[in-house]
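Quick notes on the structure that follows.
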Amino acid sequence: MSIHFKMAWRNIWRNRRRSLLTMLAIAFACALLVFMLSFQFGSYEAMLNSAIKIHTGYFQIQAEGYQDKNDIRSVVPNPEKVARILDNIPQVSAYTFRASAFSLASSEERTYGVAVSGIDPNKEAAVSSIKRLIREGEYLSEGDSDEALVGALLAKNLRVGIGDAITLLGQGRDGSVAATVVTVKGIFSSGLDDFDRNAVHIPLKYFQEVFFMRGAVHTVVGLTPSLWDLPKVVDAAEARLAGLNTDRPLAVLDWKELMPGLAQAIMIDLISALIFYMLLILVVAFSILNTFLMAIFERTREFGVLMAMGTTKERLTRLLMTESMIMTVLGIAGGILLGGLVTLYFQKHGISMGDSSELFRQFGISGRIYPRFTPLSAAIGPSLVLVITFLVALYPAFKVRKLRPVEALSYV
Amino acid sequence: MAIVECTDVVKTYQQGKVDVRALRGVTLSIDTGGFVALAGPSGSGKTTLLNLIGGLDEPDSGHITVDGNPFDEMSQSRLAELRLNKIGFIFQAYNLIPVLSAVENVEYVMLLQGVGAGERRERARAILDEVGLSDMYNRRPAELSGGQQQRVAVARAIVSNPALVLADEPTANLDSKTGNGLLEMMAEMNRTKKVTFIFSTHDQRVMDYARRLIRIQDGRVAEDVDKAA
C-alpha cells in the first residue's frame, strides 16, 4: 500500500465517529435509492405485464395506420404469411391473431358501445391471460361460434349473465351492416376497468364471417421471453415483413407505441421520483461537504507543514479526493449491499399495498408489489451519489489550493 | 560561497487592523556550511525572516536568493520544488504527520522526490538509527516523547540531503538535557554532512552552539557576530 493511500486511509479514521456517520449517510441514501428504484421497476413491470398479458402483447403487427384510426378496412390480409415469418424468429415465444370492430351491444334492457374482438381460443390462451381471468362460465373452445366472453363491468351494465343473449350491431369490412346475436359463455374480470367495461370476445372465425373479413385479421399479437428481446424481434419482423406484398404496408409496434399512455405514466413517475432522489442526494451531499470542510479546518496546520516540505497543491488535492472517494465508495458498497438484501427479501415476499390496492387495481396489479432488483436499479442511485459526492468533494479539495504555507502553519 | 542572500528585505503583515512591520530592511548573507542562530526577543522578526528564507512567504520588497535561486523570479510550484529538494524544516511544535509512523514520516519527503520504495525505507531507517531511534520505526508521533518527535523531525529534515535546514525554535519545547542532545546531534550533522543550519531562537544554549549569531531587533539586524572569525 502506498504512503499516499495509507495517509488517506488513516486520515479517515482520525475522527472515527464522524467518518462512520458520513459513510452511513451515504450508505443509507444508496440503500434507499436501490430499494426505491427496484420497487418502481417492480411496479412498472407488474403494470406492463398485466396490460401486456391481458390484451396488448409485447408487440403487434398491424396495417400501417390501424393503431390511430382503428379502421376495419386496415387489415393484415394474409395472416398465415405473417405467421410463417414469426415462426422463424427465435425470440418470438407466442403469437395470436385478432380482428376487432366497434359495435353496439344490446341486451334486453340496455345498449352499450363495445369493442368486439375475434380471437383464436387456443392461440389467445398462450399470449394473453384472458383464459385465467374468467370469473363466471367458461372460456371459448375451438368449436364455438356464436358464443362470447364479456367483461364483468359490461355484463353488469347490460344486466346479462351466462347463457343470456347479446345482439351485436356494427359495420363489416365491406361497409355493409354486420349483425349477430351471441350467447354469453364466460365473464372475465381483468382489473383494468376500461377493458372490463368494453370488451367482448368472440371466436375469430365467427368474427370473420359476421364482419365479412375474408380471412383477414387486424392484428397479430406477439410475446417475447422478456422485454430485452423485443428490439431484436421488432427489427427482424420489420425487415422480413417488407418482403410481403400487401395493399397497405405492415407495421410492427412495440408496447410503448401500443400503450403510449402507460409509457408516459411510467416516464412521469420516473422523472418525479428522480427529482425526489436528487433532493435526497443533495441533503446527503451537504452532510458530506460539512464533513470534508471540517476535516480541512482541523488539518490546516498540517497542510501548512506538508506544503513547507514541498508537497504540491495538486498532491494535497489528490490526497483529499482520495479520502473522500474512499469514504464514498465504502458507503456506496455498504448501501448497495444493504439495499440489495432488503430488496431481495421483498422481491421474494412482496409488499402489501393495503388501501392503495384499489389504485393499483386500475393498472391490473394485485394487492402486493414485488420489487425487482436489477443491475440497473442497483446502479442508477449509487452512480448519482458517486457523481454528486465527487463534485461536492472537489470544493474542499480545491479550497486547499488557496492556502498559503505561512498562513496555514500559523492557523489556530 | 553564500547559500542565503537577503537584500533590503521588508515585510509588513496585518494583525487585526494593525499593520506590523516585521522586517524593516534586512540585508545579510549566510555561507554554505554555516551553523547560524537568528536570535531576538518575541516579535523581533526572526521567525518572519526564517519563513521568507524558506520561501513560505513573500517579502513586500527586497530580494532573497537561496542556493543561487532568486525567489522573486520563481512561481509557487517552483518554490515548492526548491523546498522539497534544497530545504529542510524543523518546527518548534515538531509538526510530524500524525497518521504516519516515524519511519513513514521520514520517508514522506523522499516519496515526494520520487525515490523508490526500497531505497526510501532503507535510508529512512538509517537516518533514524543515526538520531538514536532505531527501535521506534513504527511508532506514531502520539507514541513518542517530545524529544523523540523532534529527533524524527530532524531526521525528516535532513534525510534528503538538503543544502539548508531551517529550524524555528527547535528546542523551545524540550527540557535542557533533551535540548542539548538535539543540538549536539545537529551540530554533528552540520560538521559531517556539511548541511547549513539556520535557527531562530531565544534559547541561550542554541546561541552558544551557533558559530554565527545574528541578533534581530525591531525588524533589523542589530548585531552579527561570527564566532569563528
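Just a few scattered comments:
- Condition check for B:Val109: among the β-branched types (Val, Ile, Thr) and in a loop (DSSP other than H, G, I, E, B): no
- No other residue among A:Val233, A:Val210, A:Val252 is under 23 Å from the mean Cα position of the chain (by Cα), among the β-branched types (Val, Ile, Thr) and within 24 Å of A:Lys131 (Cβ to Cβ) apart from A:Val233.
- Here is the figure for the stretch A:145-182: residues that are within 33 Å of the chain's Cα centre (by Cα) and among the basic types (Lys, Arg) total 1.
- The residue list A:Glu302, A:Glu314, A:Glu323 contains one member that is within 14 Å of chain B (Cβ to nearest Cβ), under 21 Å from A:Arg401 (Cβ atoms) and modelled with pLDDT under 90, which is A:Glu314.
- Taking the numbered list (1) within 14 Å of chain A (Cβ to nearest Cβ); (2) among the charged types (D, E, K, R); (3) under 21 Å from B:Lys227 (Cβ atoms) in turn, B:Lys11 passes all entries but (3).
- Test: residue in the stretch A:133-149 that is under 19 Å from A:Asn49 (Cβ atoms), part of a loop (DSSP other than H, G, I, E, B) and either in contact with a helix residue (DSSP H, G or I) (Cβ under 9 Å, 6 or more places away or on another chain) or open to solvent by 10 Å² or more (accessible area, probe 1.4 Å) (or both): yes
- Inspection of the stretch A:269-287 identifies no residue that is within 14 Å of chain B (Cβ to nearest Cβ), more than 30 Å from B:Leu166 (Cβ to Cβ) and assigned to a helix (DSSP H, G or I).
- Matching option when the condition is farther than 25 Å from A:Thr312 by Cα and either of a type outside the set (Val, Ile, Thr) or open to solvent by less than 60 Å² (accessible area, probe 1.4 Å) (or both), among B:Leu111, B:Leu144: B:Leu144
- One residue from B:Glu58, B:Glu81 being open to solvent by 10 Å² or more (accessible area, probe 1.4 Å), in a loop (DSSP other than H, G, I, E, B) and out of contact with any helix residue (DSSP H, G or I) (no Cβ under 6 Å at 6 or more places or on another chain): B:Glu58
- Close contacts from the stretch A:4-26, counting a first residue that is without any contact (Cβ under 8 Å) to a residue 12 or more places away in the chain and a second that is open to solvent by 100 Å² or more (accessible area, probe 1.4 Å) and in a helix (DSSP H, G or I), with Cβ to Cβ under 8 Å and a gap of 6+ residues or different chains, come to none at all.
- Scanning the stretch B:26-46 for residues that are of a type in the set (Ser, Thr, Tyr) and in a strand (DSSP E or B) returns B:Thr27, B:Ser29.
- The test for being free of Cβ contacts under 8 Å to residues at least 12 places away in the same chain, buried (at least 16 other Cβ atoms within 10 Å of the Cβ) and either within 14 Å of chain A (Cβ to nearest Cβ) or more than 21 Å from A:Lys6 (Cβ to Cβ) (or both) does not hold for B:Leu100.
- Of all the residues in the stretch B:50-69, those that are within 12 Å of chain A (Cβ to nearest Cβ), acidic (Asp, Glu) and either over 19 Å from A:Thr312 (Cα atoms) or under 15 Å from the mean Cα position of the chain (by Cα) (or both) number 1.
- All positions within the stretch A:1-48 that are farther than 27 Å from B:Leu100 by Cβ, among the polar types (S, T, N, Q) and either outside the structural domain of A:Met294 (by TED's automatic domain parsing) or modelled with pLDDT of 90 or more (or both): A:Ser38, A:Gln40
- Every listed requirement among (1) touching a residue at least 40 places away in the same chain (Cβ under 8 Å); (2) of a type outside the set (Gly, Ala, Ser); (3) surrounded by 15 or more Cβ atoms within 10 Å (Cβ to Cβ); (4) within 30 Å of A:Pro405 (Cβ to Cβ) is met by A:Ile266 save one, (4).
- Hey, A:Ile332 surrounded by 16 or more Cβ atoms within 10 Å (Cβ to Cβ), modelled with pLDDT of 90 or more and in the same structural domain as A:Gln40 (by TED's automatic domain parsing) or not: yes
- Index of the failed condition, A:Leu244 passing every other in (1) part of a helix (DSSP H, G or I); (2) under 30 Å from A:Lys81 (Cα atoms): (1)
- Residue identified as under 25 Å from B:Arg205 (Cβ atoms) and in contact (Cβ under 8 Å) with a residue 24 or more places away in the chain among B:Gly33, B:Gly62, B:Gly25: B:Gly33
- For the stretch A:53-87, the set of residues classified as assigned to a loop (DSSP other than H, G, I, E, B), surrounded by fewer than 20 Cβ atoms within 10 Å (Cβ to Cβ) and in contact (Cβ under 8 Å) with a residue 24 or more places away in the chain consists of A:Glu64, A:Gly65, A:Asn70, A:Arg73, A:Ser74, A:Pro77, A:Asn78, listed by residue number.
The values are calculated or read from the model by the stated rules, or taken from the named source; none is laboratory data. What you see is a predicted model, and the numbers here were worked out from it, not measured in a lab. Note: ideal-geometry Cβ built from the backbone for every residue, glycine included; neighbour counts use all protein chains shown. Note: areas computed on protein heavy atoms with side chains; ligands, DNA, RNA excluded. Shrake-Rupley method; radii C 1.70, N 1.55, O 1.52, S 1.80 Å.
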